[in-house]
Each structure stands twice: as C-alpha cells, then as structure tokens.
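Following: one structure in structure tokens, then a few remarks.
The values are calculated or read from the model by the stated rules, or taken from the named source; none is laboratory data. Note that this is a predicted model, so its numbers are computed, not measured. Every residue, glycine as well, gets a Cβ built from its backbone with ideal geometry; the counts of neighbours run over all protein chains shown. Ligands, DNA and RNA are excluded from the accessible area calculation, which covers all protein heavy atoms including side chains. Shrake-Rupley method; radii C 1.70, N 1.55, O 1.52, S 1.80 Å.
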Amino acid sequence: MLTGVHYIYMLFILIVLLTMSLKRDTLIPCIIGIFCIALYASSDIVFSVGTVFKSFVVATKELLGIILIISIIVSLSKVLEEIKATHLLVTPFVKVIKNRTSAFFSAGIVMLILSWFFWPSPATALVGAIFLPIALEAGLPAIGVAMAINLFGHGLALSTDFVIQGAPTITASAAGVGVSEIIKDGMILYWTMAIVSISIAYFMLNRDIKKGKIEVKQNTNEHEDVVYTKETKISAVLVAIGFILDVICMFVFDLKGGDATALVGGTAVLLLVIVTFINYKNKSLEKVTEYIQGGFGFGIDIFGPIIPIAAFFYLGQMGAFTEAIGANFLPASSQGILSDIGIALSNSVPMNKVMVCSIESSVGAITGLDGSGFSGISLAGSLAKVFAQAASVKASSLAALGQITAIWVGGGTVVPWGLIPAAAICGVSPIELARRNFVPVMIGIVVTTIVAMFVV
C-alpha cells in the first residue's frame, strides 16, 4: 500500500527529472525533497532538518570508497603529468598514426586506457595536448580529436569503468546486486553501445570530411620533442608494471568489486610515494602532500554535487531510509519506497521486457541531462531493482542499461555543458561537438535498448 511518503517521493522524482530536462542543477529539489519526506513522515521540523544532514552521511558512506580511489588516482596522475611520464607512456601509440583513421582510433584507444586507470577528466587534457598536433598532421580535424576523446573516454570508459569500478559500484549498490554482476551481465550492452556509436560517429565524420563540409587544417609544424630524464623513464616503467600486475592479479586471484578497487588504490598510493621520491628526493615529503591535496580537491569537486542527489535517491531503499529517517515511518510490509512503487506500478501497468527496458533507458538518458552522468545512476540502479521484481528480469542487466544511457548522455558526449573540457583542449565549439555526437549516441542507445530486451 502506498502512503503519503511514497507520493511525495514520486512527486520530487518528477520535479528532479523536469529540472534536469530544463538543463538546471538538481541539488535544491533533492534537498527539499529529503526535508519534505522527513517532515511528512515525522511531523517534526527539527528532526527533518537533521535528517537532511543524516541522509548526506548515509550517501557519503556509500560513496566514500569511490571518492577515495578517484582522488588517489588523480593524485598519481598529477605527478606523472608534471614529470612528463605520461607523455612517455603514450609515445608507443603515437608512432602508429599514419592517417585520419589511425589518428582517430589511436587517440580514442589511448584515451580509453588512460580513462580506465586515471579517469577521463585528467586524461582529457593529456590526450588532447599530445594527439591534437599529431592528428592534424595526419589529416584528422580538431573536431575529430574531440569526438574520439568524448566517445572513447567519457562514453565507453566512463560507462564501463572496469578498473576503478566507480560507476558499477554506485549502480550495483542501488540495484542490490554485486559489482561483478553489473560488469558481467552488462558486457554485451557496453560493447553494443560502443561499437554502434563510435562506428557511426566516425563514418559520419569521414563522410563530411570527404564532402568538404569539415575543413581540415593540416599542421605542418613538427610536434615538440620531449626530453625524458632517467627518473622519468624509471617512473613510467614502474607505473606501467604496477598496473599491469594489478590487472593480472585481478584475473589470477579473481578480485572483484571492493577488493579490486582496493588493489588499484593501494598500488596508486605506493606508486605515488615511490615516483615522488625518485623525482624529488628530499622534497618528496612535501610534494606527496601537495599531490594528495590536489587529488582530493578534485574528488570533492566532482562528488560534492553528487552526494546530495544520491542522498535523495538512496532514500528509496529500505536500508538508507531506515538509517536516515527511521523504520517506523513506512508500512510494516514495505520493502522500501521504490520497491513499493514498483509493485504498485506492476499491478496497474503491464510490465514486460519491452516496457521496462524502454523506461530504464529513457530515465537513464534523462538523468544524464545535468551533464554529470553519475548523478542519475543511483536512480537507474534503484529502478532496475524495482523493475526486476515487477517483470521478472535480471536487475544487473537492466541496471547496466540505465548506467550506459545515463553516462553516455551526461558523462560528456551529448550535452554541451558536459563536454566543455574536451572542446576547450581541442579548440572547437562545445555546441558543434555535441551536435556531432548526438545522432551516433542516440542511435547507439536505441540499438542497445533493443538488444537489452533480449538479454535481460
């Protein structure tokens, strides 16, 4: 049975989705929603004010491990960039660039690999700065480099997130399934989305170049040669070996989820200390502190807006609602607000694979309109849990679908306000970049949603 708490929660979900569709930030609706739900449930203003903070604490507990690993990885990337070790790590890929096709896919693959290990944001500036002049020499326009960075990094890498596992951890937590299930059961969907979107994007780009719709300004200046010190070379080798060993250990010891993240995080911390000591000697104590501060500043900057949004959506789960508000404010038979809504919905709306996949995909895409990508995946996971119960489908596959659409739209491939870094580093218009990506990404979402109807 649905109560006033359920209807208030549904009302604010609609308000949040409407706010996203208007390209506005959703923090205020989420915060007001938490307060109103607590106030209706308890009829106590003081308690409701405190609940807003308590809900933030609950969300932070869920996200803390992800915030830490991303912050640590960014800390390591900062020292590697400063000593130019990242340039050295990319050099082997640069040698294979002969034409615009190899330039597009080389830039994309390097962006993909770096994003898996170092997150797309710090990788964007690196890949753009290194590959842009080389790509121009090969006949690939700047808009093509920006597209490669977006589609491979902010699309494929961020939506899969196989190494750091930030996205699947958040989605899995909301869906009530294991991280390994999100990755394994969503694998066919991840690659369907990637292959369809990237292939169509490059086909359309290449077609327009041949038709003269895109001007190619070839850069005849040779790119600057970087002189690498012995310390830089040693650092690059250590980092490469360290993370390769991590990947091997993940397979050999079957490390998944939190264990895999802990291994990567611990390796990054040790590499940060070792690399800093090798390059800065007696200044290493202060430099490590500087890099850690920079990394954690980045992590808080990224996740600061996500915590209030996640706090609101986590209230849809029984455990989070009980911890933040209390167990006595829902019916004794309640399985959580979202589960209750899903059961009620299944009794009034025909729930089948076509319906649930279409809704999951659409909601994921709508939540990505805020340009974050991450802010909506907790909702996508929660909805997958609800629909899985209502339509007897796999919550993990459905959650992966929602994760894909939310991140491909919001992570920096479609909405102009989400892809400004890539556009800026390549010197192109974010509106033009979004327009170029829009059709391929939308086709990819449609095809992936259809495939999902057969695999959930």
Yes/no for Ala452 being open to solvent by less than 20 Å² (accessible area, probe 1.4 Å) and within 25 Å of Ile302 (Cβ to Cβ): no
Answer from Glu323, Glu360 - the residue that is among the charged types (D, E, K, R), open to solvent by less than 20 Å² (accessible area, probe 1.4 Å) and in a helix (DSSP H, G or I): Glu360
Please give the number of the condition Ile45 fails out of (1) touching a residue at least 40 places away in the same chain (Cβ under 8 Å); (2) over 28 Å from Leu114 (Cβ atoms). (1)
Give the residues of segment 21-47 that are open to solvent by 50 Å² or more (accessible area, probe 1.4 Å) and either among the β-branched types (Val, Ile, Thr) or at positive phi (or both), sorted by residue number. Lys23, Ile28, Ile31, Ile32, Ser43, Ile45, Val46
If Gly139 passes every condition in (1) touching a residue at least 40 places away in the same chain (Cβ under 8 Å); (2) part of a loop (DSSP other than H, G, I, E, B); (3) open to solvent by 40 Å² or more (accessible area, probe 1.4 Å) but one, which one does it miss? (3)
One residue from Leu398, Leu379 being within 18 Å of the chain's Cα centre (by Cα) and over 27 Å from Gly299 (Cβ atoms): Leu398
Looking at Ile113, Ile109, Ile149, can you tell me which residue is open to solvent by 20 Å² or more (accessible area, probe 1.4 Å), aliphatic (A, V, I, L, M) and under 22 Å from Ile200 (Cβ atoms)? Ile109
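Scan the helices (runs of 4 or more DSSP H) fully inside segment 229-320 and keep the ones with 1 or more residues being open to solvent by 70 Å² or more (accessible area, probe 1.4 Å).
230-252, 257-280, 284-303
Answer with yes or no whether Leu151 is within 17 Å of Val428 (Cα to Cα) and touching a residue at least 24 places away in the same chain (Cβ under 8 Å).
yes
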If Pro120 satisfies every condition in (1) buried (at least 24 other Cβ atoms within 10 Å of the Cβ); (2) without any contact (Cβ under 8 Å) to a residue 12 or more places away in the chain but one, which is the exception? (2)
Can you name the residue in segment 2-20 that is at pLDDT below 90 and out of contact with any helix residue (DSSP H, G or I) (no Cβ under 8 Å at 6 or more places or on another chain) and, of all such residues, is surrounded by the fewest Cβ atoms within 10 Å (Cβ to Cβ)? Leu14
Anything in segment 425-449 that is within 19 Å of Ile200 (Cβ to Cβ) and either among the acidic types (Asp, Glu) or open to solvent by 40 Å² or more (accessible area, probe 1.4 Å) (or both)? List them, or say none. Glu432, Arg435, Phe438, Val439, Met442, Ile443, Val446, Val447
Some residue of segment 170-189 being modelled with pLDDT under 90, under 21 Å from Ser121 (Cα atoms), open to solvent by less than 30 Å² (accessible area, probe 1.4 Å) and in contact with a helix residue (DSSP H, G or I) (Cβ under 7 Å, 6 or more places away or on another chain): yes
Please work out which one of (1) surrounded by fewer than 24 Cβ atoms within 10 Å (Cβ to Cβ); (2) closer than 21 Å to Thr405 by Cα; (3) small (Gly, Ala, Ser) is the condition Ser102 fails and give its number. (2)
Considering only segment 48-68, how many residues are open to solvent by 60 Å² or more (accessible area, probe 1.4 Å) and over 21 Å from Val386 (Cα atoms)? 6
Inside segment 419-446, can you point out the residues that are over 26 Å from Glu215 (Cβ atoms) and in contact (Cβ under 8 Å) with a residue 60 or more places away in the chain? Gly444, Ile445
Restrict the check to segment 109-121 and report whether at least one residue is farther than 18 Å from Ala424 by Cβ, among the small types (Gly, Ala, Ser) and assigned to a helix (DSSP H, G or I). no
With the structure loaded, tell me whether Val96 is in contact with a helix residue (DSSP H, G or I) (Cβ under 9 Å, 6 or more places away or on another chain) and either in a loop (DSSP other than H, G, I, E, B) or modelled with pLDDT under 85 (or both) or whether it fails that test. yes
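Listed here are the residues, each with its yes/no results for (1) surrounded by fewer than 24 Cβ atoms within 10 Å (Cβ to Cβ); (2) among the aliphatic types (A, V, I, L, M); (3) at pLDDT 85 or above.
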{"position": "Gly368", "(1), (2), (3)": "no, no, no"}
{"position": "Leu379", "(1), (2), (3)": "no, yes, no"}
{"position": "Ala384", "(1), (2), (3)": "no, yes, yes"}
{"position": "Gln389", "(1), (2), (3)": "yes, no, no"}
{"position": "Leu401", "(1), (2), (3)": "no, yes, yes"}
{"position": "Ile407", "(1), (2), (3)": "no, yes, yes"}
{"position": "Gly411", "(1), (2), (3)": "no, no, no"}
{"position": "Trp417", "(1), (2), (3)": "yes, no, no"}
